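All remarks here apply to the structure that follows.
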Amino acid sequence: MVPPVDLDLAAVRAFVTVTDERYFSEAAATLGISQQAVSKRIAKLEADLGVRLLSRTRVGAEPTQDGRAFLNHARALIGLADQASEMLRNRRRTLRVDVLDTRLAAIDVIRAFHRATADAEIDIITSNGLRSAHVALANGSVDAAFARACGPLGDDLVSTPAYLEQAHLLVGRDHPLAALPQVETGRLAGMTVWMPGNAAGSEWADFWSLFGAEFGVHIDASGPDFGWEYYVEEIGSGERVGLVGEWCRLPSHVRTVQIPVVDPAPVYPCSLLRQRHNDHPVLALLTRFVKDRFRPFDPGRQWLPVADRAAFVGTRA
């Protein structure tokens, strides 16, 4: 039985590169080594295999008959080695998580996960919601995204219910409703709620549009939208009212009050989205953490659009 040959991958890579570049000097530049080093690697590979792989001509190096027979196998070896290295690099790299805003509830989930998983390295990327997150997940620029998963996601994306965030009415401290401990959803009928951040076509604008239609609330998405602090200050200084999530971080210096909306409580659904074949080990831990924390939809106490209910009922996975 002929003993197996332990091939030097650096030599195999040199052979493939010379074949592609045709000249040893060009291959050396591509590999970032000297031309002499390339020649030594090719010579070693030929000695290990016991055949001549390349012949020099006036128009550069050409693979011999044995070289042509070996070339596809050589490319496959290099490809497998590169894939294995990339897989390990991906497993070691920081987990990239997309969120809509760092003042929203998803950050609380990520912070709690980080405290529970001390060695997890996480990068936060902010976006404009599902539309950009969908693309970022597809091209691998993020590993996970927190968003309301409405509409078709495609076969490559997996959605895990993360949390349901109760809506709070946001009013100024001098508003007639400011002293209430809570406000019934039915009491909002006929009211105009100002939400200039409801970007047309966004999943959150769709949610609040459905809520308004269900309960007779007019959602005013007119601008200007100068950002979160401006919005909260405007609510605090005037007669306008808004709707925010219960975990939204409000500037401490503004004169606003958050009042829970109840009977039923509108809850904004957020899911953890990820690529089906992403095997980052920290992503698996984050997914399990989200599943363990999730509290399902309570139809007797909460309100969700019909399209969101199926994914948020039942027991924890």
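Worth pointing out:
- Considering segment 193-216, and only residues there that are closer than 15 Å to Asp263 by Cβ and aromatic (Phe, Trp, Tyr), the residue that is surrounded by the most Cβ atoms within 10 Å (Cβ to Cβ) turns out to be Phe211.
- Cross-chain or 6+ apart pairs with Cβ under 9 Å, segment 2-24 first and among the basic types (Lys, Arg), then surrounded by 15 or more Cβ atoms within 10 Å (Cβ to Cβ): Arg13/Leu31; Arg13/Arg41; Arg13/Ala74; Arg13/Leu77; Arg13/Ile78; Arg22/Gly60; Arg22/Ala61
Matching residues to (1) of a type outside the set (A, V, I, L, M); (2) modelled with pLDDT of 95 or more; (3) surrounded by 14 or more Cβ atoms within 10 Å (Cβ to Cβ):
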site: Leu170; (1), (2), (3): no, yes, yes
site: Met191; (1), (2), (3): no, yes, yes
site: Gly227; (1), (2), (3): yes, no, no
site: Pro260; (1), (2), (3): yes, yes, yes
site: Pro269; (1), (2), (3): yes, yes, yes
site: His277; (1), (2), (3): yes, no, no
site: Val282; (1), (2), (3): no, no, yes
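- Single residue of segment 237-258 satisfying the filter (surrounded by fewer than 17 Cβ atoms within 10 Å (Cβ to Cβ) and small (Gly, Ala, Ser)) that is farthest from Arg103 (Cα to Cα): Gly238
- Considering segment 199-219, the residues that are among the small types (Gly, Ala, Ser) and touching a residue at least 12 places away in the same chain (Cβ under 8 Å) include one that is nearest to His168 (Cα to Cα), namely Gly212.
- Here Arg295, Arg288 are screened, and the one residue that is out of contact with any Pro (no Cβ under 8 Å at 6 or more places or on another chain), without any contact (Cβ under 8 Å) to a residue 60 or more places away in the chain and assigned by TED's automatic domain parsing to the domain that holds Val99 is Arg288.
- Strands (runs of 3 or more DSSP E) contained entirely in segment 212-317, each with at least 1 residues that are of a type in the set (A, V, I, L, M) and under 21 Å from Ala112 (Cβ atoms): 242-245, 265-275
- Looking across segment 234-254 at every residue that is of a type outside the set (Val, Ile, Thr) and modelled with pLDDT of 90 or more, the one that is farthest from Ala265 (Cα to Cα) is identified as Glu234.
- Residues that are within 24 Å of Pro176 (Cα to Cα), of a type in the set (D, E, K, R) and out of contact with any strand residue (DSSP E or B) (no Cβ under 9 Å at 6 or more places or on another chain) occur at least once in segment 209-231.
The values are calculated or read from the model by the stated rules, or taken from the named source; none is laboratory data. Keep in mind it's a predicted model, so treat the numbers as computed, not measured. Here the Cβ is made from the backbone with ideal geometry for all residues, glycine too, and neighbour counts use every protein chain on show.
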